[in-house]
Amino acid sequence: MEMFKHIQIDEQSRIPKYRQIVDSIIHNISTGKLKIDEKIPSINSFSEEYLLSRDTVEKAYNILKERKIISSIRGKGYYVTRTQLISKVNILFLINKLSTYKMQIYNSFINSIGANSHTDLHIYHCDDSLFLNLLDKNIRAYDYYVIMPHFKTDDLKHLSFTDEAVKAINTIPDDKLVIMDNNKLQIKGNCIEVYQDFENDIYNALKDGLPKIKKYQKLVLVFPESSMHPYPRRILHGFRKFCAEFSIAFEILGEIYDDIILKKGDLFITIEETDLVNLVNQIRDKEFALGEDIGVISYNDTPLKELLGITVISTDFKMMGQTAAQMILNKKKGKVKNPFNFIDRESV
């Protein structure tokens, strides 16, 4: 068979033979020597040609099938199903929701990881069952698994993990696992972690903004109690700790109501975009001066907030993606806390 001219098996190499088969077939696809829908040798033919055990060849073919590089048709054999660039690094990227700042992380990661990789993005909407299904379907198909772990209860409360999710994540070898954003998991081994510390981050950011915050009489946090994509309650803990330490009067609301009572000297911290828009509109409608009569701080920065001059407390989403990508490229492990800052603009 023509393909046998191109497959190289080195008997002296320390690379397992099944791995050599996988790498050789991928190389021949990427160089155009194997084309889409082209038939490749059967497991028996391959093992006889190279004097390999059938189990060795079958293991290689199973890996190629899991990566959707080849497929098998009953009674006909194996065929090439993918001829686009077969990357040296194949990455599964699992995020809990589609948002502006999550996509900032993803885009920064993609730009930093480089062209010699292929990343598949999946969104599991904080749903434990969907997450487990995605991981189960792809558990051996990728070189790296980048996971942002945020889950929810039936009554829409935030969970950093579920027992089932932790069990599934622990089946991933630690040299292939990348945990991003939230690292409150019970993960075995030493993997890559680039994370936020939600409780201490908000506390320290507000502390940095204290000179501006002190000119207001009351601090109001708008924390959604029931959201389709709930937020860590550690944000609440850090907020309360800040207010208690600096003797600041505070209130916690579940949302910005359409007829909310606004008073001069209020400083609001909003988390969801809809609350921010509703609040700013009501401040303008009632002719308060934003940043003077009433202050606004938004949680999580976006380009639009920067354009509109909204003060934010936020992690550096771009750096989070860059750091994770660089650790993969440099084959580093360990925990890295991502920067979180008070960014002063015109709304405080």
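The values are calculated or read from the model by the stated rules, or taken from the named source; none is laboratory data. Predicted, not measured: the structure shown is a model, and the values here were computed from it. So basically every Cβ, Gly included, is an ideal-geometry build from the backbone, and we count neighbours across all protein chains shown. Note: areas computed on protein heavy atoms with side chains; ligands, DNA, RNA excluded. Shrake-Rupley method; radii C 1.70, N 1.55, O 1.52, S 1.80 Å.
Just to be sure, is Tyr106 in contact with a strand residue (DSSP E or B) (Cβ under 9 Å, 6 or more places away or on another chain) and closer than 30 Å to Asp155 by Cα? For Tyr106, the condition - in contact with a strand residue (DSSP E or B) (Cβ under 9 Å, 6 or more places away or on another chain) and closer than 30 Å to Asp155 by Cα - is met. Within the stretch 41-65, being of a type in the set (Val, Ile, Thr) and more than 10 Å from Tyr78 (Cβ to Cβ) holds for Thr56, Val57, Ile63. When the residues of the stretch 15-33 are filtered to those that are assigned to a loop (DSSP other than H, G, I, E, B) and modelled with pLDDT of 85 or more, the one that is nearest to Gly75 (Cα to Cα) is Lys33. Considering each residue of the stretch 104-113 in turn, none proves to be β-branched (Val, Ile, Thr) and not in a helix (DSSP H, G or I).
Of all the residues in the stretch 132-162, those that are assigned to a helix (DSSP H, G or I) and either open to solvent by 60 Å² or more (accessible area, probe 1.4 Å) or farther than 21 Å from Ile328 by Cβ (or both) number 4.
Applying the set (1) in contact with a Phe, Trp or Tyr (Cβ under 9 Å, 6 or more places away or on another chain); (2) surrounded by 15 or more Cβ atoms within 10 Å (Cβ to Cβ); (3) not assigned by the TED database to the domain that holds Thr100; (4) not charged (D, E, K, R) to Leu210 leaves exactly one unmet item: (2). How many of the residues in the stretch 38-76 are closer than 24 Å to Lys137 by Cβ and part of a strand (DSSP E or B)? Total meeting the criteria: 5. Just to be sure before I move on: is Asn96 at pLDDT 95 or above and of a type in the set (S, T, N, Q) in the structure I sent? Criteria met by Asn96. Set side by side, the residues Leu185, Leu221 differ, and just one is aliphatic (A, V, I, L, M) and outside the structural domain of Glu273 (by the TED database), which is Leu185.
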